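Readers should treat all values here as calculations from the given coordinates under stated rules, not as data from a laboratory. These numbers come from a predicted model, not from an experiment. Note: ideal-geometry Cβ built from the backbone for every residue, glycine included; neighbour counts use all protein chains shown.
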Amino acid sequence: MGLRNSHKVDAGFNMSSMTDLVFLLLIFFVLLSTLVSPYALPVDLPTSANKTKEKASVSVRLDAEGHYSVNNQLIDPSQLEPVLTAEMAKIPADQAIVLHVDQSVATGITVSVLDICKRNKWRVILATKPK
């Protein structure tokens with residue numbers, strides 16, 4: 001009599017479906033991280049056809065309500081120069097300040113920030129949004 005068990009149990013575990021899932025999650029988070037803006041404060045930037053490939057080391061934002069922020073930290077307008085001096089001391093000398101100014105901010109305020117940068121001989125990039 002040939003009584004043999006035809007149901008064999010495999011003790012191994014197939015990891016191919018788990019690796020597919022992890023790979024898809026990795027792609028999702030990589031794509032999501034590139035879509036998230038590093039700046040928390042919304043600013044209505046002017047439009048321009050020029051593009052900058054400069055990486056922002058120090059970011060200065062002037063919004064429509066008159067708030068100043070350096071690297072997403074709100075500061076008092078009178079403390080702008082000391083805060084910028086401290087931030088620029090942390091980075092190499094060839095790096096630039098990226099200035100994000102709302103369209104409704106008065107030109108005099110923008111010029112005063114540019115004057116601080118010129119006095120200290122810092123490079124400044126005026127950020128715009130593409131057309």
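List of remarks:
- Annotation: amide H-H contacts under 5 Å for Tyr68 (H modelled 1.01 Å from N, sequence separation of 5 or more, or interchain): Ile75.
- Of all DSSP beta bridges confined to region 47-130, the antiparallel ones make up roughly 35%.
- Shape of region 47-130, Cα gyration tensor, a/c cut at 1.5: oblate
- Applying 1/(1 + (r/R0)^6) with R0 = 30 Å to the Cβ-Cβ distance of Gln95 and Leu21 gives a FRET efficiency near 0.15.
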